[in-house]
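Data first, discussion second: the structure below is written as structure tokens.
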Amino acid sequence: MKKVPIRMCLSCRERKEKKSLIRVVRTLQGTLEVDPTGKKAGRGAYVCPVPECVERLDRKSLSFAFRIEVSEKEVLSLKEALRTYLGGQAKEVRHDKGQSV
Ligand SMILES: [Zn+2]
């Protein structure tokens with residue numbers, strides 16, 4: 001029997017299948033990066049591929065996950081990378097809101 005790997009989202013703390021989460025990694029160089037392949041070397045952490053969870057990432061949860069002091073700047077650039085990743089992947093239907101502005 002195969003065991004499905006379960007990981008916890010850093011933001012909402014829900015446990016989910018690893019493959020349904022995005023891996024972020026602290027590389028050996030010490031930078032925080034999105035790791036869509038899940039294969040980068042370094043300490044990994046996981047977050048749901050939804051904007052709600054991405055936006056809720058903060059220094060505290062990331063510092064805890066990576067066991068280092070993460071700077072505000074690093075948090076922002078990681079979030080930016082995650083947004084780009086989500087945006088590129090989802091390509092979801094854009095609702096035209098604000099027509100009546
Ligand atoms: Zn989550």
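Computed values, structure above
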read-out: Yes/no for LYS19 being at pLDDT below 95, within 14 Å of the chain's Cα centre (by Cα) and either within 15 Å of the ligand (Cβ to nearest atom) or open to solvent by 30 Å² or more (accessible area, probe 1.4 Å) (or both); value: yes
read-out: Checking ILE68 against (1) among the aliphatic types (A, V, I, L, M); (2) away from the ligand (no atom under 11 Å from the Cβ); (3) surrounded by 15 or more Cβ atoms within 10 Å (Cβ to Cβ), the condition it does not meet; value: (3)
read-out: Selection count where residues are in a loop (DSSP other than H, G, I, E, B) and under 15 Å from ARG67 (Cβ atoms), scope the stretch 1-30; value: 4
read-out: Subset of the stretch 7-16 (residues that are surrounded by fewer than 13 Cβ atoms within 10 Å (Cβ to Cβ) and either touching a residue at least 24 places away in the same chain (Cβ under 8 Å) or of a type in the set (Val, Ile, Thr) (or both)); value: GLU14
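The values are calculated or read from the model by the stated rules, or taken from the named source; none is laboratory data. Just so you know, these numbers come straight off a predicted model, no measurement behind them. Please note: Cβ atoms are built from the backbone with ideal geometry, for glycine as well, and neighbour counts cover all protein chains shown. Heavy atoms of the whole protein, side chains included, go into the accessibility calculation; ligands, DNA and RNA do not. Shrake-Rupley method; radii C 1.70, N 1.55, O 1.52, S 1.80 Å.
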